[in-house]
Ligand code: P9H
């Protein structure tokens, strides 16, 4: 055991990507074990490594953690990215759960059947532009600080940058009407640990190439 967290998932973003971002932002090195085929999932299930027979699973501090949010809560608390008190944590939780609602739509798009994509695309771009990004632009405007909560980096900033970059992959000018989110994006992208994760060759995953989608879905059928 190297003592480094070990991430069990397929070699793609999906539900594991926010975990990769948070570990990187905390400056924590991690190992990855990729599921390539159904048998890889079956093996983890057979040796009792998956509480709910599902991945993501992260081996960390002697635990085999499952459930994306539970894993993120543990990492954010351990590395002081969860605010300094209960009030700050409450704000962070509100912001992050809102981000998950958009993140779920953004992450599902590439794995959808072709006939479902157009409507899904319209919905998620509408939600990003008219519900979620306006909310975070206002948060930054109202307190005028560099970070969303507590005037210091938290998991909320990391996840907001992640979904801004995902949304821009779908619509490059999506931040056109959000000047504070534009400067936020530049500022958080320059946080050294995050800048390193944004470099080519990092453990950050690319969007799933369409030709790979059937192989990924076959793991979980
Ligand atoms: N609450 C892949 C790409 C994008 C979005 C989802 C899935 C849910 C959590 C096997 N895990 C395709 O459907 C794969 C979860 C975890 C949990 C799984 C089964 C999924 C995907 C793989 N499915 O937040 O961790 O849904 O293990 O038997 O349910 S991820």
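The values are calculated or read from the model by the stated rules, or taken from the named source; none is laboratory data. Everything numeric in this text was worked out from a predicted model, so none of it was measured. Cβ: placed from backbone, ideal geometry, glycine included. Neighbour counts: every protein chain shown.
For this structure, a couple of remarks:
- Residue satisfying all of: in the stretch 74-92; within 16 Å of the ligand (Cβ to nearest atom) and either at pLDDT below 95 or touching a helix residue (DSSP H, G or I) at 6+ places or on another chain (Cβ under 9 Å) (or both); nearest to residue 216 (Cα to Cα) among these: 75
- Close pairs (6 angstrom Cβ cut-off, 6 or more residues apart or separate chains): without any contact (Cβ under 8 Å) to a residue 24 or more places away in the chain in the stretch 108-126, in a helix (DSSP H, G or I) anywhere: 112/120; 120/109
- The stretch 177-205, subset touching a residue at least 12 places away in the same chain (Cβ under 8 Å), out of contact with any strand residue (DSSP E or B) (no Cβ under 8 Å at 6 or more places or on another chain) and within 20 Å of residue 14 (Cα to Cα), residue farthest from the ligand (Cβ to nearest atom): 194
- Looking across 107, 124, one residue alone is within 10 Å of the ligand (Cβ to nearest atom), within 30 Å of residue 182 (Cα to Cα) and in contact with a helix residue (DSSP H, G or I) (Cβ under 8 Å, 6 or more places away or on another chain). It is 107.
- Residue satisfying condition, being within 30 Å of residue 39 (Cβ to Cβ) and at pLDDT 95 or above, within set 218, 128: 218
- Pairs with Cβ under 6 Å, 6+ apart, first in the stretch 49-72 and modelled with pLDDT of 95 or more, second loosely packed, with under 15 Cβ neighbours inside 10 Å and not in a loop (DSSP other than H, G, I, E, B): 53/45
- Hits in the stretch 136-155 - residues which are surrounded by fewer than 14 Cβ atoms within 10 Å (Cβ to Cβ) and assigned to a helix (DSSP H, G or I): 138, 141, 142, 143
Rundown of residues vs (1) within 30 Å of residue 43 (Cβ to Cβ); (2) assigned to a helix (DSSP H, G or I), yes/no style:
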| residue | (1), (2) |
| --- | --- |
| 167 | no, yes |
| 173 | no, no |
| 182 | no, yes |
| 194 | no, yes |
| 204 | yes, no |
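- Residue 26 being away from the ligand (no atom under 14 Å from the Cβ) and in contact with a helix residue (DSSP H, G or I) (Cβ under 8 Å, 6 or more places away or on another chain): yes
- Search result, residues across the stretch 35-63 that are more than 13 Å from the ligand (Cβ to nearest atom) and not in a helix (DSSP H, G or I): 36, 37, 47, 48, 59, 60, 61, 62, 63
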